[in-house]
Each structure stands twice: as C-alpha cells, then as structure tokens.
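A short write-up of the structure that comes next.
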Amino acid sequence: MDRLLNGLADDKTVMTAWASVQDTLYLSMLADTDFEAVTLDMQHGMQTENSVIRGIAAIAPKGKPVIVRIPVGRFDFASKALDAGAHAIIAPMINTVEDAKQLVSYTKYIPVGDRSYGPSQAVSVLRADREGYVAGANKSTVVYAMIETREAVANAEAILDVDGIDGVFVGPADLSISVRQNTLPDPYGPDTIGIVEDLAKAAKARGKLAAAFCVTPEHAETVHKLGYRLMALGFDQSYIANGANALLGGLSFRK
C-alpha cells in the first residue's frame, strides 16, 4: 500500500512510465524496466475501465506502484481504480476548489471524503488485509489534482489547501496553451516556467507533493531542479521507437 509514498519519502525521486497501450503482457514487461512506477492513462491514452483493472493486476505483483489518470470528471472511476489496487489517482482539469472537493469525496474514506467501501480487489492485488487497507488508505493512496489552465493556476493554493488533495500534477502542454492562448503547446517555456516553479513552492510549503509530465529527459531535469519528485517521462511510442532505433543504430552496416 505504501509503495509510492515510500518511494517519495525523504525527497527521493520516482520516475513513472506513461502507458496508453492496453495489453497486459506489455504492461507487465514495462513494470520490469527501471521505472519506479507505471501510470495508466485514460484521458488521452487508450486505456479503458477494463484495461486499467487488468493492468493493475498485471503490474502490482511486480512490486511497482500503479497510478491511474482518469478521464476528465470521472471521479466515480477514481474510486473503482482505487478498489482495483491503484496507488494514486491523477485527475485532469481540476480548476476550482469545488472540483477538488468532489475529487476527494470519491477518493478518500470518511472522515476526509465519502469513498464507498469495497476494496476486495485491492486487498487481493496488494496482498493486504482488509482492515489494514481501509485504516491506511487515506494516507497511502495519493490524489493528484492536475493544474493545467489559467483558472486552475489562480486557484492552485486554495486547491492545495483542500484536505485530501495530496499534491498537484502539472500538465505542461495544456498549461502553456491556456496561458498563451495558442493551440501549439510550449511545455516549460518562458511563459509558464515561473508558474511551474511557484506550484512546487506552494506544494512544499503545505507539505504536499509536486508532480509533472515530461516529454523529454531535459524536461525532467528542469522540473527536478524546481522541486518536483514524481515525474512521468515519455510514453509508449517513444519507448518502443527509441529502443528499436537504438538497436538498429548499433549496426555498423546501416551507417
């Protein structure tokens, strides 16, 4: 249950893979890589309710924490993903305090939220006892509110102050689109890098977590220096393409 929090303790860094592909054999192999966690993406990725539940069952026995990014507003599935054994939820487009409170109501047990009781699959997948799981779930399951619009930035500190929101997750592409009012994203560009830094400071001041999506290692290096400790790096297409191209690039007769 504490895999993710243990990985983040004492300012340690957790790098998570970002998986859109549904295949459980692929996800199991991804869990064997050096990534410390695996994130299943339902918002823009091709993960479905069924594939997330099966994906958690494939990844968790490998000892890696599983994070689920739910679709916009699907707080009901946040509860089910936790019941399936997810260690963390990333919720996109949390723009207001009311959004944050609704998210918490579905992801935390009383007295913090109103999460419905039914952790049978989580107990099985995580090899936990039922009483211990329920007693520790509010602390050990991590809830990230995605900050990716100008409205969310304006409300970020108030969102972080909501009991049950454990941290913020920066969506750098949508954040830059919203701030710049330009359909072409500029992740971590000059228009938003100050905001990204301020979000990390606001989270740290409250004893909460700062996380971010990073397309490139350079992005990860940048946000790590700003205080981010959970970073998603790349996605399926880049893992497959980079691995295949590296192997082919090692062939002298192709040069």
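The values are calculated or read from the model by the stated rules, or taken from the named source; none is laboratory data. A quick note: this is a predicted structure, and the numbers were derived from the prediction, not measured. When we count neighbours, we look across all protein chains shown, and the Cβ atoms used for this are built from the backbone with ideal geometry, even at glycine.
In the range 9-26, the condition of being surrounded by fewer than 21 Cβ atoms within 10 Å (Cβ to Cβ), at pLDDT 95 or above, hydroxyl-bearing (Ser, Thr, Tyr) and touching an Asp or Glu at 6+ places or on another chain (Cβ under 7 Å) is met by at least one residue.
When the range 135-165 is limited to residues that are under 20 Å from residue 61 (Cα atoms) and of a type in the set (A, V, I, L, M, F, W, C), the one that is surrounded by the most Cβ atoms within 10 Å (Cβ to Cβ) turns out to be 142. Among the residues of the range 2-38, those that are under 20 Å from residue 207 (Cα atoms) and either of a type in the set (Gly, Ala, Ser) or outside any strand (DSSP E or B) (or both) comprise 2, 3, 4, 5, 6, 7, 8, 9, 10, 11, 12, 13.
A quick yes/no check of all residues on (1) hydrophobic (A, V, I, L, M, F, W, C); (2) within 18 Å of residue 82 (Cα to Cα); (3) in contact with a His (Cβ under 9 Å, 6 or more places away or on another chain):
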site: 13; (1), (2), (3): no, no, yes
site: 23; (1), (2), (3): no, no, no
site: 26; (1), (2), (3): no, no, no
site: 31; (1), (2), (3): yes, no, no
site: 34; (1), (2), (3): no, no, no
site: 40; (1), (2), (3): yes, yes, no
site: 49; (1), (2), (3): no, yes, no
site: 53; (1), (2), (3): yes, yes, no
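Return yes or no: is residue 102 under 19 Å from residue 72 (Cα atoms), in contact (Cβ under 8 Å) with a residue 12 or more places away in the chain, part of a helix (DSSP H, G or I) and not β-branched (Val, Ile, Thr)? Taking the combined requirement at face value, the residue satisfies it. Taking residues in the range 57-75 that are over 12 Å from residue 88 (Cα atoms) and without any contact (Cβ under 8 Å) to a residue 24 or more places away in the chain, and partners anywhere that are assigned to a strand (DSSP E or B) and not aromatic (Phe, Trp, Tyr), the pairs with Cβ atoms closer than 9 Å and at least 6 places apart or on different chains are 73/91. Of the residues making up the range 179-188, not a single one is surrounded by 19 or more Cβ atoms within 10 Å (Cβ to Cβ) and either farther than 22 Å from residue 219 by Cβ or β-branched (Val, Ile, Thr) (or both). The combined condition, being part of a helix (DSSP H, G or I), under 24 Å from residue 12 (Cα atoms) and either in contact with a Pro (Cβ under 8 Å, 6 or more places away or on another chain) or not small (Gly, Ala, Ser) (or both), is not fulfilled by residue 174. On inspection, residue 47 passes the criterion of being in contact with a strand residue (DSSP E or B) (Cβ under 8 Å, 6 or more places away or on another chain), buried (at least 22 other Cβ atoms within 10 Å of the Cβ), in a loop (DSSP other than H, G, I, E, B) and at pLDDT 95 or above. Could you check the range 70-93 and list, in sequence order, the residues that are out of contact with any Ser or Thr (no Cβ under 9 Å at 6 or more places or on another chain), of a type in the set (Val, Ile, Thr) and buried (at least 18 other Cβ atoms within 10 Å of the Cβ)? Across the range 70-93, the qualifying residue is only 70.
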